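See structure below.
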Amino acid sequence: VVYQDNGNSGYGTAIVGTVSGTSISFGSEVVFESASSSSMSVTFDSNSNKVVVIYSDSENSTYGTAIVGTVDSSNNSISFGSPVVFESSDTYQNRATFDSNSNKVVIAFAASGSFLGKAIVGTVSGTSISFGSAATFESGSGGLGDIAIVFDSALNKVVIAWRDASNSNYGTAIVGTVSGTGISFGSAVVFRTATSTDSSCVFNSAVNKVVISYYNSTAGDGEVIVGTVSGTAISFSTAVVFDGDQPGFIGSVYDSSANRVAIPYKNSANSGAGEYVVFQTEGS
């Protein structure tokens, strides 16, 4: 788990948990950035058995930064290499996934100075990470937000979803292909013609579908939609409402043993309680 520790000057902090049965225990927290850090994401590189943390470094002009962590499962600890800047400009909405076909880390982010949506490919070596050149997937003048990213392991593609501020804040997605240290994209596709925020996406490997959960603020509904990748394109089913009372902080996780997607969220109609629903993709 990575987080901004507001009790310690907003430092970037990590902690390792071990699941046993229906409980979880934690080791000691470890600071990986002794400066105010925000917009964090973490992904696991199964090729090097490392975790990669990305964040915006507020003490370094909010530059997009990455750092490699090594977990010691014997004592629930984690240690880190040195931070590496992947974008020398103000970044936000940093999100990461791991492409197990190319053994690369893929980061999607917003460059706020230019209002561009960008993605960049990272290669882990030891306790360090190096990057290719960033590619733009969204260049609208209105900017973007609510970025989510996932790897489609059936077709070896990366799918990025976001709120397109230059197009009425519609929910939008695009398919990316990693080659070497670069990434290229197909055409962007609108998956919801409504203001779509709090995007989260997972890959259902039982049916080889991308599942996006989000908040439709136009209607006040929490919705989920299923995407099918074909080549460099993606098409979508009809959205399904899972909560009609203005839910927030929407997430998602795929349970490969049950072939189901759990969607946790804040239930605004129940005093802000944390709740979840289970979503079954057709055919799973």
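Some points to look at:
- Test: residue in segment 195-205 that is part of a loop (DSSP other than H, G, I, E, B) and either over 18 Å from Asn94 (Cα atoms) or open to solvent by 20 Å² or more (accessible area, probe 1.4 Å) (or both): yes
- When Val253 is tested against (1) hydrophobic (A, V, I, L, M, F, W, C); (2) closer than 16 Å to Thr97 by Cβ; (3) touching a Ser or Thr at 6+ places or on another chain (Cβ under 7 Å), only condition (3) is not met.
- Among (1) touching a residue at least 24 places away in the same chain (Cβ under 8 Å); (2) touching a Gly at 6+ places or on another chain (Cβ under 6 Å) - the single one Ile24 does not satisfy: (1)
- Residues that are under 12 Å from the mean Cα position of the chain (by Cα), farther than 19 Å from Ser46 by Cβ and open to solvent by less than 10 Å² (accessible area, probe 1.4 Å), drawn from segment 146-180: Ile147, Ala148, Ile160, Ala161, Trp162
- The number of residues in segment 253-284 that are open to solvent by less than 40 Å² (accessible area, probe 1.4 Å) and either over 18 Å from Ser217 (Cα atoms) or out of contact with any Phe, Trp or Tyr (no Cβ under 9 Å at 6 or more places or on another chain) (or both) comes to 9.
- Of all residues making up segment 69-117, the number that are aromatic (Phe, Trp, Tyr), buried (at least 21 other Cβ atoms within 10 Å of the Cβ) and part of a loop (DSSP other than H, G, I, E, B): 0
- Taking each residue of segment 129-149 that is without any contact (Cβ under 8 Å) to a residue 60 or more places away in the chain and looking for partners that are part of a loop (DSSP other than H, G, I, E, B) and open to solvent by 20 Å² or more (accessible area, probe 1.4 Å) with beta-carbon atoms closer than 6 Å, six or more apart or interchain, yields Gly132/Thr181; Gly143/Phe115.
- Residue in segment 33-40 that is buried (at least 18 other Cβ atoms within 10 Å of the Cβ), over 17 Å from the mean Cα position of the chain (by Cα) and in a loop (DSSP other than H, G, I, E, B) present: no
- Condition check for Val211: assigned to a strand (DSSP E or B), open to solvent by less than 20 Å² (accessible area, probe 1.4 Å) and modelled with pLDDT of 95 or more: yes
- Residues in segment 156-203 that are among the charged types (D, E, K, R) and farther than 13 Å from Gly227 by Cβ: Arg163, Asp164, Asp198.
The values are calculated or read from the model by the stated rules, or taken from the named source; none is laboratory data. What you are looking at is a predicted structure, and each value in this text was computed from that prediction instead of being measured. Counting neighbours? That spans all protein chains shown, and the Cβs are built from the backbone with ideal geometry, glycine included. Only protein heavy atoms, including side chains, enter the accessible area calculation; ligands, DNA and RNA are left aside. Shrake-Rupley method; radii C 1.70, N 1.55, O 1.52, S 1.80 Å.
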